[in-house]
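Asker: Take a look at this one; I'll ask things after.
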Amino acid sequence: MRSQFQLLLACVMAWAAVSSHAQGERPITIVVPTAAGGGNDAMARTIGQKMSVLLQRPVIVDNKAGANGALAAEYVARAVPDGHTLMFGYIATHAMNPALQKLRYDPVKDFEPVGRVGYSPTLMVLNPAVKARDVKDLVRMVKDQPDAYSFASAGNGTAPHFTAELFKLSTRTRLLHVPYKGSAPAVMDTISGQTQLMFPSLFTALPYVKAGKLKALAIAGSRRSQVLPDVPTLKELGVEGVEVDQWYGLFAPAGTPRETIVRLNQALNKALVDPEIVKRIEGHGADVEASTPEQLAELVKTDLAKWRGVVQRAGLAAD
């Protein structure tokens, strides 16, 4: 009888050890609110690979595109707050889209910020067939034919949309808005000539600019980019108030334990000082900029207030 009990106990202990090991190997999922192949996706995969090594567990990327990032944000906001589900959030999901419309998630209350990843300046690009030589030339052409030009965006409430609206306010021009489901199809239609201009992130647009498929007119950011040093800012060209640096960061569901957030922040920040990671991110036109969870939380609150003001000024409304 005693030997049977010892055998049973040994089996239970073995099962517990296996179960504990399996739980320790449970992967961390980074949910990306855009389709595979875009700038957000590439950046998330880059940092995910390094964090996997640092945390000694698998890190996978799950693309949940739709509703301008709201689909992914809702999913993560309702996930179990145990540190195994994270979101690669950015300016659209946590500031712009919530400023434009009422969503089924709160960008402040429903998330625990982990840390900032970096930012990418917004680039003003044209289809090469448009004969404008510079921004001044384009503004003149648009004013001469106010219904002839359209701009593509990744959707209502995204950075390409809001940057264009700021440009219209500053230059007092009219442009038709053509929203797409993500940056990739919007860029493709700008290249094909279905739309004439766009304000994507430099991270997204850079390969096409280098290939001559898009013409870079200006940086809609606070300063020139190191990777396109000859492209001036809109402010340098006399267009004021159009400075949009698209930031990116990791978020966990609200209620995630503090010690888990600290551990994830430490791994993220270690990844962001790795020379190879920095090289890969900056090579695409983004700048690495780490932060504490508190700094990212403050950025979300500040930007949310800013873009609510822009929505009121421009008289924007969700479709």
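Asker: For the range 248-287, give me the residue count where each residue is under 23 Å from T93 (Cα atoms) and at pLDDT below 95.
Answerer: Qualifying residue count for the region: 6.
Asker: Also, I was wondering about something else. Looking for whichever is over 21 Å from the mean Cα position of the chain (by Cα) and of a type outside the set (D, E, K, R) here; the options are V288, V244, V239, V278. Which one fits?
Answerer: V239
Asker: Return only the number of the condition from (1) at pLDDT 95 or above; (2) in a helix (DSSP H, G or I); (3) among the polar types (S, T, N, Q) that T195 does not satisfy.
Answerer: (2)
Asker: Let me ask you something else. Taking D287 as the residue in question, decide whether it is among the charged types (D, E, K, R) and surrounded by 16 or more Cβ atoms within 10 Å (Cβ to Cβ).
Answerer: On the way: among the charged types (D, E, K, R): yes; surrounded by 16 or more Cβ atoms within 10 Å (Cβ to Cβ): yes.
Criteria met by D287.
Asker: While we're looking at this one, here's another question. Here is a list of conditions, (1) within 15 Å of the chain's Cα centre (by Cα); (2) touching a residue at least 60 places away in the same chain (Cβ under 8 Å); (3) part of a helix (DSSP H, G or I), and P107 meets all of them except one; can you say which number that is?
Answerer: Answer for P107: the failing condition is (3).
Asker: Can you find a residue that is in contact with a Ser or Thr (Cβ under 7 Å, 6 or more places away or on another chain), at pLDDT below 95 and crowded, with 22+ Cβ neighbours inside 10 Å anywhere in the range 69-92?
Answerer: yes
Asker: If you take the residues of the range 291-316 that are touching a residue at least 12 places away in the same chain (Cβ under 8 Å) and over 20 Å from the mean Cα position of the chain (by Cα), which of them is surrounded by the most Cβ atoms within 10 Å (Cβ to Cβ)?
Answerer: The selected residue is L316.
Asker: I would also like to ask the following. K270 - would you say it is surrounded by 15 or more Cβ atoms within 10 Å (Cβ to Cβ), over 22 Å from I47 (Cα atoms) and either β-branched (V, I, T) or touching a residue at least 12 places away in the same chain (Cβ under 8 Å) (or both)? Lay out the reasoning, then the answer.
Answerer: Details: surrounded by 15 or more Cβ atoms within 10 Å (Cβ to Cβ): yes; over 22 Å from I47 (Cα atoms): no; either β-branched (V, I, T) or touching a residue at least 12 places away in the same chain (Cβ under 8 Å) (or both): yes.
No.
Asker: If you don't mind, another one. It is to be established whether one or more residues within the range 176-191 are of a type in the set (F, W, Y) and either assigned by TED's automatic domain parsing to the domain that holds D41 or at pLDDT 95 or above (or both).
Answerer: Restricting attention to the range 176-191, the residues satisfying the condition of being of a type in the set (F, W, Y) are 180.
Of the ones still in play, those that are also either assigned by TED's automatic domain parsing to the domain that holds D41 or at pLDDT 95 or above (or both) are none.
No, every residue in the range 176-191 fails to be of a type in the set (F, W, Y) and either assigned by TED's automatic domain parsing to the domain that holds D41 or at pLDDT 95 or above (or both).
Asker: Now a separate question. Please state which of the following conditions T163 fails to meet, knowing it meets all the rest: (1) among the β-branched types (V, I, T); (2) within 22 Å of A305 (Cβ to Cβ); (3) surrounded by fewer than 19 Cβ atoms within 10 Å (Cβ to Cβ).
Answerer: (3)
Asker: Working carefully through the options L206, L228, find the one that is touching a residue at least 60 places away in the same chain (Cβ under 8 Å), part of a loop (DSSP other than H, G, I, E, B), over 22 Å from K306 (Cβ atoms) and of a type in the set (A, V, I, L, M).
Answerer: Working: L206 fails: part of a loop (DSSP other than H, G, I, E, B).
Only one candidate passes the filter, namely L228.
Asker: Give R263, R280 a once-over and let me know the one that is assigned to a helix (DSSP H, G or I), in contact with a Ser or Thr (Cβ under 8 Å, 6 or more places away or on another chain) and not hydrophobic (A, V, I, L, M, F, W, C).
Answerer: Numbers: R263 fails: in contact with a Ser or Thr (Cβ under 8 Å, 6 or more places away or on another chain).
Only one candidate passes the filter, namely R280.
Asker: Also: Are any residues in the range 34-55 at pLDDT 95 or above and assigned to a loop (DSSP other than H, G, I, E, B), and if so, which ones?
Answerer: Result: no residue meets the conditions.
The values are calculated or read from the model by the stated rules, or taken from the named source; none is laboratory data. Since this is a predicted model, take the numbers as computed values, not measurements. Reconstructed Cβ throughout: ideal geometry from the backbone, glycine too, with neighbour counts over all protein chains shown.
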